[in-house]
Structure formats: structure tokens, C-alpha cells
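The values are calculated or read from the model by the stated rules, or taken from the named source; none is laboratory data. Every value quoted in this text rests on a predicted model; they were computed, and no experiment measured them. Here Cβ is always computed from backbone atoms with ideal geometry, including for glycine, and neighbour counts include all displayed protein chains.
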Amino acid sequence: MSEAQRIGTRLVELCNSGASEQAVDELYSDRIVSIEGQGSDEMPARMEGFAAIRKKGEWWFANHEVHAMKASGPFCGHRDDQFVVQFDIDITPKASGQRTRMSEVGIYTVKGGKVAQEEFLYLMG
């Protein structure tokens with residue numbers, strides 16, 4: 001099993017048990033780069049550093065009621081340093097109050113035994 005597959009398996013396990021913040025603490029590099037498909041003044045699309053990523057997660061959970069989340073994967077290919085996880089999430093953003101389902105994939109790059117970059121792409125349409 002590659003290092004990326006091992007880390008990806010653990011990430012999926014933690015996310016599906018409701019411990020996504022533990023996944024960040026356990027698996028992410030101090031120099032993590034996170035890239036979202038969209039950004040705002042409050043939450044920019046690109047963030048760097050462990051503290052910024054923790055703050056992003058805290059903001060997300062403070063602003064969304066999560067009814068259910070399922071992580072699938074990891075999907076691995078020919079690169080030993082990369083894996084993909086699919087997330088299906090049932091949420092209600094607190095600002096709108098409109099319950100919605102969203103699907104996204106996270107592309108993760110591993111360096112030195114930790115997640116060095118995550119990039120999220122959304123299912124549109």
C-alpha cells in the first residue's frame with residue numbers, strides 16, 4: 001500500500017466517523033495549502049498553513065448545519081503521492097436556511113508522510 005493510499009484510507013475513515021477535524025490534526029502538514037473551487041472575502045479560495053486550515057474548518061462548521069456526510073475512496077492512480085476522495089454532504093447553510101445536498105471531490109497531495117495540499121472541485125449543474 002502506498003503512503004498516499006494509507007493516508008487516504010485514514011482520512012476517509014475519520015471523516016465517515018464524524019472526526020474530520022481529527023483528520024486535519026493527524027494527517028495534515030504544518031505547511032498545508034488548501035484550494036477551494038470558489039472563494040469569498042471572508043473565506044479566500046487559497047489558504048496556506050495549518051492554523052488557517054483549522055480556522056477554515058471551524059468557520060465551515062459554524063456556518064453550516066451538517067445533516068450527513070459520506071466520504072468515498074481513496075481513489076488512487078499511477079502517482080504514489082496523490083489520492084482523491086469524494087464527499088456527499090447534506091447541509092443547511094445557516095445564512096439561507098435552505099437545506100441542500102452537495103457533492104465534491106478533494107484531490108490530495110502527500111509529501112513527507114502528511115497531506116501537503118488539498119484541492120476541492122464541485123459537481124456543478
Q) From the set of residues in the stretch 59-102 that are polar (S, T, N, Q) and surrounded by fewer than 11 Cβ atoms within 10 Å (Cβ to Cβ), which is farthest from Ala45 (Cα to Cα)? A) Gln98
**Q.** Test: residue in the stretch 73-88 that is modelled with pLDDT of 95 or more and out of contact with any strand residue (DSSP E or B) (no Cβ under 8 Å at 6 or more places or on another chain)
**A.** no
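Listed here are the residues, each with its yes/no results for (1) among the basic types (Lys, Arg); (2) within 17 Å of Ser20 (Cα to Cα).
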| residue | (1), (2) |
| --- | --- |
| Phe75 | no, no |
| Arg79 | yes, no |
| Val85 | no, yes |
| Pro93 | no, no |
| Ser103 | no, yes |
| Ile107 | no, yes |
| Lys114 | yes, yes |
Q | Candidate set from the stretch 4-41 (those that are among the hydroxyl-bearing types (Ser, Thr, Tyr) and under 18 Å from Phe61 (Cα atoms)); member that is surrounded by the fewest Cβ atoms within 10 Å (Cβ to Cβ) | A | Ser40
